[in-house]
Every structure is written in structure tokens, then in C-alpha cells.
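Working notes, beginning with the structure itself.
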Amino acid sequence: MRGSHVAVIVGGCAPLIVAGFAAAPPLTVTVQPQPDTSTDPTAAPSGDPTAAPGAETFAGPAVTNERGTYQAQITVEDGVVTDVVALQAGTTAAQSQAVNSMAIPLFKERVLEAQTWDVEAVSGASFTSPAFLESLQGAFQDAGLPS
């Protein structure tokens, strides 16, 4: 009796595991080619393929704290910040993603309006705010923009 139960459990689980792997869709990764700036003097130094002509992107430093790593990138066109994105934003934990999905758009809105990294922290984002602001400060410094 004991042997038949083990056979049923092993026999019952193995097909599920195999079916789970077989049914999973293949992982697709798209890599954007980086322009060769050594031969093309008009290529943007940042290599951001989505930047408008004449626009440059500047990534701030990656800042790590208890809730993950945060890194901001700004796009600058004619001395004006035109975009703010998070290259890294916390962890894959549900709470981290929920907070950052609310906080990062607010930071973008505030930075674009104020044209400085020195904006208010986002309420409820006590780990995201200082880390993202520190990274934004570095991006502004790299771009040579006043704070």
C-alpha cells in the first residue's frame, strides 16, 4: 500500500512539472543597438535610440537602499529636461512595484515642471524618494544643469 501511494504521488507530480515547463511561453528579449559614436560624430553620447535628434540622456548614479536599487535618467534638449525615466526602481516585490508605479510618474511630473532635481519627496515613498532624488541630482550634474 505504501509503495503504491509513492508511485501515484511521483507519477502524478512529474507530468505536471513537465507540462508546466512545456507550456511556458519562450522568453523574448529585445536589445536596442547602441550607435558607434567613434565613427558618427552626430550620434547622441547616451546612445538612447528613443531620444529626439539633438537630445541627450544622462543617467544618474545607481543608489541602493533596503528596498532595492534606484537609478534615474533624464533627457535634455537645448538645456531643457524633456523626460525623466527610472532605469532601476526598487525590487520586484509587489509592494515596491506598487509604490514606484505611483512615485516615479510624480517625480517625472515635478522635475519637468520645476526643471530641477530638487523637488518634494513623494508621500508614501520613503525609500524611493531619497534614492531617486539622489540619482536625479547626479544626472543633473552630469548634464551640467543648475540645481
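Out of all the residues in segment 108-136, which are farther than 14 Å from ARG67 by Cα and in contact with a helix residue (DSSP H, G or I) (Cβ under 6 Å, 6 or more places away or on another chain)? Don't jump to the end; show me each part of the working.
First, the residues of segment 108-136 that are farther than 14 Å from ARG67 by Cα: 108-123, 133-136.
Listed by number, the residues that qualify are TRP117, VAL119, ALA121, VAL122.
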Restricted to segment 50-87 and to residues being surrounded by 19 or more Cβ atoms within 10 Å (Cβ to Cβ) and polar (S, T, N, Q), the residue farthest from PRO146 (Cα to Cα) is GLN71
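Quick check on my filter: what residues within segment 68-109 are assigned to a helix (DSSP H, G or I) and among the hydrophobic types (A, V, I, L, M, F, W, C)? Give the steps one after another, and end with the answer.
Taking segment 68-109 and keeping what is assigned to a helix (DSSP H, G or I), we get 94-109.
The answer is ALA94, ALA98, VAL99, MET102, ALA103, ILE104, LEU106, PHE107.
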Any hit, segment 118-130, residues being of a type in the set (S, T, N, Q) and touching a Gly at 6+ places or on another chain (Cβ under 8 Å)
yes
If I ask for residues that are surrounded by fewer than 13 Cβ atoms within 10 Å (Cβ to Cβ) and within 14 Å of the chain's Cα centre (by Cα), which ones from segment 98-128 would you list?
ALA98, SER101
In segment 31-78, which residue that is farther than 30 Å from SER129 by Cβ and polar (S, T, N, Q) is modelled with the lowest pLDDT?
THR42
Pairs please, first residue from segment 63-92 and small (Gly, Ala, Ser), second anywhere and buried (at least 21 other Cβ atoms within 10 Å of the Cβ) and in a loop (DSSP other than H, G, I, E, B), Cβ atoms under 9 Å, 6+ apart in sequence or on different chains.
ALA72/GLY60; ALA72/TRP117
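The values are calculated or read from the model by the stated rules, or taken from the named source; none is laboratory data. From a predicted model like this one, the values you see are computed outputs, not experimental measurements. No Cβ is skipped: glycine too gets one built from the backbone with ideal geometry, and neighbour counts run over all protein chains shown.
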